[in-house]
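S.K.: So that we are looking at the same thing, I have put the structure below in structure tokens.
The numbers here are math on the coordinates, done by the rules we state, and not lab data. Everything numeric here is computed off the predicted structure, so don't read it as measured data. Note that each Cβ is placed from the backbone with ideal geometry, even for glycine, and that neighbours are counted across all protein chains shown.
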Amino acid sequence: MLVEKIRNNHAAGDVDWDRIICKIDKELEIADYVQFSSNSCLLSVGCTWWIPNFTAAVNEARYKFKIIYASFVHDLIPILAGNFCQSQLIHEFTQWIYTTLEQSDIIFANSENTAKDLVEVAKSVHDYESSPVVCKLNAKPLLQQTKEISTISKNIKDYTLGPFVIYVSTIERRKDHLLVFSAWIDLCKRYGDDSVPNLICVGKVASENDEAMQFYNSNPKLAQKVRIISDASDSDLHFLYNHCLFSIYASRYEGWGLPVTESLYYNKIPLIANNTSLIEAGEQFAAYFETGNKNSFIDAITHLIFNSDYRRRLENKAKSVQPRNWSDIAKFIISIIEEFVPKEENRRFVHKISPGVLYNFSLNNSIDIKHDNLRASLFRSGGAWHKAEEWGVWTSDTKASISFISPIFGADTLIYLQLKSPSHNVNTHIKINGSFCHKLNFNDCSNYCFKLPKESIERSGTVLIEIINLYIQDLSENQGSDTRCIGIGISNIMVCSADDVMSRLSYIERFGKINIYM
């Protein structure tokens, strides 16, 4: 039933869908962790920055089972076009792309442009050459195709009595609806309302405060000539593509541009901005205008509206477009994974830590690439963590793990941790590399230093810190709205050689008193 609901594009508020998701959530709560077989591959086909501790879970799976991890990057808009994004998204995406570049054995990109962006970002962030596999999303749309007019929404029927053009996209600043709305008013003034086709915008409104929506709501002319449909069904969209004169896609930055591919599939010419991957999606079959240039847009759309011979020539040319099936794209991805032979010397199951650097476990709140703010998430392993906060991160279970590769050989290692106690009832032990177990005493000092003798570090340099919580605080007992169960929290970590006097003094100067365990 789940697959059927996905295929049929379930509607918001669908009781059956909500029931299925609730059942899945309950099953996951009691399910054991998956046991990967050798040579397994975990493929992430979408962005996962919104999933708490996804990075830590992948770390554990890669370390325990030596799996291949493959990820699919659809764009780098929050980094390269961050002026179109909210700050929180930029912060989370920056953290996500930082760890994705480090963890992934294979990275797929949905266009040559996205691949180029990935190579540039990998070079600037990690100073290494990334080699993404391009997997273009030039696929046939999975829309319910019907000839039954009775399945079409009434408002769609009303809006499409005369000639119309469609713009399929979320209404947000990056998509440049403001340019399109402004141009529509100019077209009506120049040629008259009856000569200009209606515009139907299909997509959710990201914000009524968006400049385009404010412009739309303040211009009565737009209410007559432009319709916004936020709840179109697959059947509606199929009908609109089939009967429109052509489509528009004015976005200023895209990873691929699925509406362009969809429009060409229906043999309707997309008028698109000449930027990023839109040029790849439209190839020689689309009509183009200069990004953000209203005069260029008006010239191009005037040609499409009033020169039907020109439009038909483009449509005849576009008949040669042969989009792939989604199953073909899936087969391509699988073939790349099956042919992949990992170079063990290049694989990072545990990540390197630099001596004398203070790494913060807190939520990233910067648009800049700062290794000490971003890298710490790579040291956390497993699912026993809550989402990072401004100060750091809480553990969520009786045992949480931190692991890294120490660069220190031939000398004792000092590990500095800044911890946070959830209550006075804390009973926590720290185990390092399986043998050194310390019961923590929590007082007015939250800074701890542990000495790791040089002979206890593996030849690989791997250090495993296990945080063992013998008491878990249920926050719902005191804070009804917060149902988390938490153990000890951690704010930061620093590792240095016992001989590194400067790093030790720097830590003391910054944090003062330290609980020392030797």
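S.K.: List the residues, sorted by chain then number, that are 5 or more residues from Ile272 or on another chain and whose placed amide H is less than 5 Å from its amide H.
M.R.: Tyr249, Ala287, Tyr288, Phe289
S.K.: Quick one: which residues, 5+ away or cross-chain, put their amide H under 5 Å from the amide H of Ser44? H built at 1.01 Å from N.
M.R.: Residues meeting the criterion, in which the H sits 1.01 Å from N, are Ala70, Ser71, Phe72.
S.K.: Further question: Averaging sequence separations of C-alpha pairs under 8 Å and six or more residues apart, then dividing by the length of region 350-518, give the relative contact order as a whole percent.
M.R.: The value is 31 percent.
S.K.: Would you please calculate the Kirkwood hydrodynamic radius of region 123-249 over all C-alpha pairs and express it in Å, rounded to one decimal? Mind showing how you got there, number by number?
M.R.: Details: mean 1/r = 0.0605 Å⁻¹.
Evaluated on region 123-249, it is 16.5 Å.
S.K.: May I ask which of Lys352/Lys439; Lys175/Lys387; Lys66/Lys331 have a Cα-Cα span longer than 25 Å here? Provide the component values of the computation, followed by the final result.
M.R.: Working: Lys352/Lys439 27 Å; Lys175/Lys387 31 Å; Lys66/Lys331 23 Å.
Check vs 25 Å cut-off fails for Lys352/Lys439; Lys175/Lys387.
S.K.: Continuing with this model, one more query. Show me, bin by bin at 5 Å from 0, the whole-percent P(r) of region 350-518 based on Cα pairs.
M.R.: 2, 9, 17, 22, 22, 16, 8, 3, 1, 0, 0
S.K.: Something else about it: Would you kindly derive the ³J(HN,Hα) couplings of region 389-397 from the backbone phi angles with the Karplus curve 6.51 cos²θ - 1.76 cosθ + 1.60 (θ = phi - 60°), listing them in order in whole Hz, with x for Gly and Pro?
M.R.: 10, 4, 8, x, 8, 8, 6, 10, 8
S.K.: Got a sec? Which residues in region 175-213 would a label at Leu89 touch, if it sits 7 Å along Cα→Cβ and we count backbone N under 18 Å?
M.R.: The answer is 175-179, 202-213.
S.K.: Report D for region 149-322 in µm² per second (integer): Stokes-Einstein, Kirkwood Rh on Cα pairs, 25 °C, 0.890 mPa s.
M.R.: This corresponds to a translational diffusion coefficient of 153 µm²/s.
S.K.: So, one more: Take region 367-459, drop everything but the C-alpha atoms, weight them equally and run the Debye formula without solvent; then report log10 I(q)/I(0) at 0.20, 0.25 Å⁻¹ to two decimals.
M.R.: So the normalised log intensities work out to -1.25, -1.60.
S.K.: Sticking with this one: Which whole-Hz ³J(HN,Hα) couplings does region 159-164 yield from phi under the Karplus relation 6.51 cos²θ - 1.76 cosθ + 1.60, θ = phi - 60°, glycine and proline marked x?
M.R.: Values, residue by residue: 6, 10, 5, x, x, 8 Hz.
S.K.: Another question, then. Asn515's amide H: which non-local residues (gap 5+, or another chain) put their own amide H closer than 5 Å, with H modeled 1.01 Å from N in plane and none for Pro or chain starts?
M.R.: Hits under the 5 Å cutoff: Asn447, Tyr448, Cys449.
S.K.: Oh, and also: Applying a 10 Å radius around every beta-carbon, put 288-295, 98-105, 65-72, 502-509 in order of their mean neighbour count, most first.
M.R.: Values: 288-295: 15.9, 98-105: 21.2, 65-72: 19.8, 502-509: 14.4.
The most tightly packed comes first, giving 98-105, 65-72, 288-295, 502-509.
S.K.: Relative to the longest principal Cα axis of the chain, at what angle does helix 308-318 sit, 0 to 90 degrees, rounded to 10?
M.R.: Relative to the chain, helix 308-318 is tipped by roughly 40 degrees.
S.K.: Once the mean 1/r over all distinct Cα pairs of the chain is inverted, what Kirkwood radius in angstroms do you read off?
M.R.: Values: mean 1/r = 0.0379 Å⁻¹.
The Cα-based Kirkwood calculation yields 26.4 Å.
S.K.: Return the sequence-ordered ³J(HN,Hα) values of region 176-191 in whole Hz as given by the Karplus equation 6.51 cos²θ - 1.76 cosθ + 1.60 applied to θ = phi - 60°, using x for Gly and Pro.
M.R.: 6, 5, 4, 4, 5, 4, 4, 5, 5, 5, 4, 5, 5, 5, 7, 10
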